[in-house]
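There's a structure below that I have some questions on.
The values are calculated or read from the model by the stated rules, or taken from the named source; none is laboratory data. In this text, all values refer to a predicted model and were calculated from it rather than measured experimentally. Neighbour counts run over all protein chains shown; Cβ positions are idealised from the backbone, glycine included.
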Amino acid sequence: MLEELETLQTQALATLEQIGGADALPQWYRTHLGRKGNLTELLRGLGQLAPEERPAVGQKGNAVKKALEEAFATRQEILREAELEASLNAEPLDISLPGRPVAMGRLHLTTRMLRQMRAIFAEMGFQVYEAPEVETDENNFELLNIPPYHPARDMWDTFRVNDKVVLRTHTSPGQIRCMREYHPDPIRVILPGKCYRYEQITPRSEHQFFQVEGLAVGHGIRMTDLIGTMAEFARTMHGPDRRLRIRGSYFPFTEPSIEMDMDCIICEGQGCRICKYSGWLEVAGAGMVHPKVLANGGYDPAEWSGFAFGLGVERPAMLHHGIEDIRNFYANDLRFLRQF
Ligand code: FA5
């Protein structure tokens, strides 16, 4: 039986060597090593051997099985590699095929608007001052001359964190932070940033929106400086022929306060739906910094004066691009955003 095993091994290995493709390997395996393969069949005869012969034959059987399995694995590897090599040579890999296109991102319309505004004010010597969106009630209201009992608080519907902390309703509280940090130096800054108001969302009003605040503090700063700065901004931003109009207004933190309008960029002042047939569009709320606010910032109002203004960001962008609903800005609809 030992000889038979030896012969089986020699023959099986010889047939394995002759196999030319991986397809034929499973058949070889079944024939020699399968449950009904010839090695199994041969070893079935083990029981009929004399007991003293059995261990040697058993061992030989295991050795043959191991040898065949190893040879099979090696042959399989060789044939697979050969086939891979052949397929690579048969159809060469085309590395010039274009890859998957990477989707192009772009800056949000608000970001572009903010950058444009920053650039215009930078030309006029205004630095950017960043102030936090979560503010104290004190900075957002009290130090801006709006005490708790004051009816002007109704102008700003407020998201409150607690009694003392709010989400800022405008960028104006940054004025206090800036003055306290810059004192006793003169100031010329803009404060761009997001504001929050607990108000009805409409095509013109969001509960989150951007403003760009401006603040200049120095010696002998006058209303004409404010008007000149605003006019320069409006004409650089919206066109050199823009006409401007000043109206008296009221803000608790400026005295006197004004509202600045510009002739409608859609109808050139003729009157249309956008300007509500008045021919004018509101550009900014502004005024001379109130003496109490100057003092709260650490500047003596007898020596120092200043102006401040607050510009919207989304509303002017809406006018510029003919956008009818402010809700489009932050609805994350790419069909809208891709247009700008
Ligand atoms: C203010 O917030 C003042 N702090 C502006 C100011 C600053 C006056 C410094 C004087 C000195 P007002 O509430 O009008 O003012 O807001 C200013 C601008 O913010 C508006 O003209 C408008 O463009 C924008 N704005 C206000 N509320 C909303 C809103 N809900 N959605 C979108 N834009 C808004």
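For segment 247-269, give me the residue count where each residue is away from the ligand (no atom under 13 Å from the Cβ) and not in a loop (DSSP other than H, G, I, E, B).
Looking only at that region, the number is 1.
Among E135, E130, which is under 27 Å from the mean Cα position of the chain (by Cα), part of a loop (DSSP other than H, G, I, E, B) and under 25 Å from E181 (Cβ atoms)?
Selected residue: E130, the only one of E135, E130 that is under 27 Å from the mean Cα position of the chain (by Cα), part of a loop (DSSP other than H, G, I, E, B) and under 25 Å from E181 (Cβ atoms).
Could you check, for segment 217-232, whether at least one of its residues is farther than 21 Å from R153 by Cβ, polar (S, T, N, Q) and at pLDDT 95 or above?
Within segment 217-232 (the criterion being farther than 21 Å from R153 by Cβ, polar (S, T, N, Q) and at pLDDT 95 or above), the answer is yes, since at least one residue qualifies.
So in segment 145-166, with the set limited to residues that are more than 13 Å from the ligand (Cβ to nearest atom) and not in a loop (DSSP other than H, G, I, E, B), which one is farthest from V134 (Cα to Cα)?
Filtering segment 145-166 for residues that are more than 13 Å from the ligand (Cβ to nearest atom) and not in a loop (DSSP other than H, G, I, E, B), the one farthest from V134 (Cα to Cα) comes out as P151.
To continue, here is another question. Can you tell me which residue in segment 279-296 is farthest from the ligand (Cβ to nearest atom), limited to those that are among the small types (G, A, S) and assigned to a strand (DSSP E or B)?
That would be A284.
Answer yes or no as to whether S172 is within 19 Å of G297 (Cβ to Cβ), among the small types (G, A, S), in contact (Cβ under 8 Å) with a residue 24 or more places away in the chain and within 10 Å of the ligand (Cβ to nearest atom).
Criteria met by S172.
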